[in-house]
Amino acid sequence: MLCAGKKSYFAAAVCIITVTSMLTASYLRLQRLSHQPKIIQEGRRCRGEIANSTITALKGNKTFIISPYFDDRESKVTRLIGIVHHEDVKQLYCWFCCQPNGKIYVSKAKIDVHSDRFGFPYGAADIVCLEPENCDPTHVSIHQFPHGNIDQLPRFEIKNRKAETFSVDFTLCISAMFGNYNNVLQFIQSMEMYKILGVQKVMIYKNNCSHLMEKVLKFYIEEGTVEIIPWPINAHLRVSSEWHFMQDGMHIGYYGQITALNDCIYRNMGRSKFVVLNDADEIILPIKHPNWKTMMNSLQEQNPGTGVFLFENHIFPETVTSPMFNISSWNTVPGVNILQHVYREPDRKYVINPRKMIVDPRKVIQTSVHSVLQAYGNSVNVPMDVALIYHCRKALQGDLPRESLIRDTRLWRYNSSLIMNVNKVLSQTTL
């Protein structure tokens with residue numbers, strides 16, 4: 001009897017699992033069918049004004065579009081990087097206009113709000129729509145409904161449609177520059193260090209900066225190193241300069257930094273071998289290699305299939321100085337002289353140092369600030385004896401005496417080239 005009972009329980013369990021699997025498969029199939037593009041109009045000319053702002057507000061539905069990107073890594077989709085209210089935005093549709101036949105397709109969007117909102121009501125989101133199979137649309141409009149008039153809606157150009165060859169090895173993304181940024185000397189030193197280490201392009205999501213900083217940016221734009229992405233997020237939302245909602249209760253954290261980082265990855269997916277995600281006061285400093293190219297060649301060889309490399313942050317307090325490299329011509333330039341800050345804080349026993357990243361953008365789906373949220377392949381923590389982040393900023397352990405700090409002069413390996421390059425920029429910008 002006991003044996004028979006066990007068999008009955010087993011058969012019932014198998015039956016339940018089978019039915020559940022069938023219902024799940026049926027549900028997923030229906031979900032996929034509901035997202036398939038459908039023709040709703042034919043023989044029409046594509047209408048709507050082409051959006052030309054970095055951040056475009058959709059009227060009345062708490063959605064902001066940054067840019068759409070073609071993404072065929074899994075299926076043929078348009079992935080729009082955006083910002084949405086995590087509770088109030090439930091339904092969006094992509095309207096694709098296919099030329100020259102004038103067919104208009106509507107595709108229900110999957111709205112994927114990133115998990116790292118840190119309590120703020122608005123967060124970075126991927127708005128993902130399946131594209132028509134027999135059409136490669138160049139533009140898309142976003143509507144709350146699968147029917148109606150979209151003639152007055154903005155149309156967005158779908159980027160990454162054409163395959164590109166890599167034009168650079170390293171692109172660095174800085175997001176976001178705000179607060180009337182005026183740390184001019186440290187910015188120039190960081191830029192010149194990036195170039196020494198192998199960066200060919202720096203993308204800056206700029207909210208605002210000082211007049212003096214504008215002169216410096218103009219120099220780097222004309223040189224071809226910097227590309228500015230205007231970032232007027234405070235024209236649309238109440239922005240916080242903090243990272244957590246509990247600190248000030250604003251709409252979105254840290255000037256929408258996370259959205260900008262995701263946009264920067266997709267913007268450079270087809271044109272840069274690597275994308276570097278760090279701030280202007282941070283330098284990923286190689287220890288075993290002279291530059292990033294040789295370092296990344298070695299790391300990729302040791303970690304095949306890895307697309308995300310994480311580097312540990314170390315604080316070099318701007319209040320603790322060395323008398324070396326007190327260059328008189330630099331003293332009139334506002335900002336920190338990083339060559340004078342070679343004392344770093346020791347690790348704290350119960351605190352994990354945050355990390356910043358060098359990534360293969362083609363392997364990233366979603367990123368946060370200190371790690372990726374979704375990716376193809378592995379992430380690797382790079383050991384401190386291979387590289388560390390030199391982060392010269394306000395102290396985190398401000399009560400420590402100098403004797404408790406660690407003297408680390410490895411930045412000085414680059415002092416000769418760095419001083420020469422900074423002097424050249426200062427003379428050409430007449431600061």
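Quick look at the values:
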{"quantity": "Pair list, Cβ under 7 Å, 6 or more apart: segment 347-368 residue touching a residue at least 40 places away in the same chain (Cβ under 8 Å), other residue open to solvent by 70 Å² or more (accessible area, probe 1.4 Å) and charged (D, E, K, R)", "calculated": "353/347"}
{"quantity": "Matching entry among 141, 115, 107 (being closer than 16 Å to residue 75 by Cα, in contact (Cβ under 8 Å) with a residue 60 or more places away in the chain and small (Gly, Ala, Ser))", "calculated": "107"}
{"quantity": "Residues that are more than 23 Å from the chain's Cα centre (by Cα) and of a type outside the set (A, V, I, L, M, F, W, C), drawn from segment 190-213", "calculated": "210, 211"}
{"quantity": "Pairs with Cβ under 7 Å, 6+ apart, first in segment 258-275 and in the same structural domain as residue 201 (by the TED database) and within 18 Å of residue 78 (Cβ to Cβ), second at pLDDT below 95 and not in a helix (DSSP H, G or I)", "calculated": "270/163; 270/164"}
{"quantity": "Evaluation of residue 185 against (1) farther than 29 Å from residue 295 by Cβ; (2) more than 24 Å from the chain's Cα centre (by Cα) (one fails), failing number", "calculated": "(1)"}
{"quantity": "Residues of segment 354-377 that turn out to be surrounded by fewer than 18 Cβ atoms within 10 Å (Cβ to Cβ), in contact with a His (Cβ under 9 Å, 6 or more places away or on another chain) and in a loop (DSSP other than H, G, I, E, B), as a count", "calculated": "1"}
{"quantity": "Options 336, 380: the member that is closer than 30 Å to residue 128 by Cβ and either buried (at least 17 other Cβ atoms within 10 Å of the Cβ) or at pLDDT 95 or above (or both)", "calculated": "380"}
{"quantity": "Those residues of segment 383-430 which are open to solvent by less than 60 Å² (accessible area, probe 1.4 Å), part of a loop (DSSP other than H, G, I, E, B) and in contact with a Lys or Arg (Cβ under 8 Å, 6 or more places away or on another chain), in sequence order", "calculated": "386, 397, 405, 408"}
{"quantity": "Members of segment 74-88 found to be surrounded by fewer than 20 Cβ atoms within 10 Å (Cβ to Cβ) and touching an Asp or Glu at 6+ places or on another chain (Cβ under 8 Å), listed by number", "calculated": "76"}
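The values are calculated or read from the model by the stated rules, or taken from the named source; none is laboratory data. Since the model is a prediction, treat every value here as computed from it, not as a measurement. Cβ coordinates were reconstructed from backbone atoms using ideal geometry, including for glycine residues, and neighbour counts include every protein chain displayed. For accessibility, only protein heavy atoms count, side chains too; no ligands or nucleic acids. Shrake-Rupley method; radii C 1.70, N 1.55, O 1.52, S 1.80 Å.
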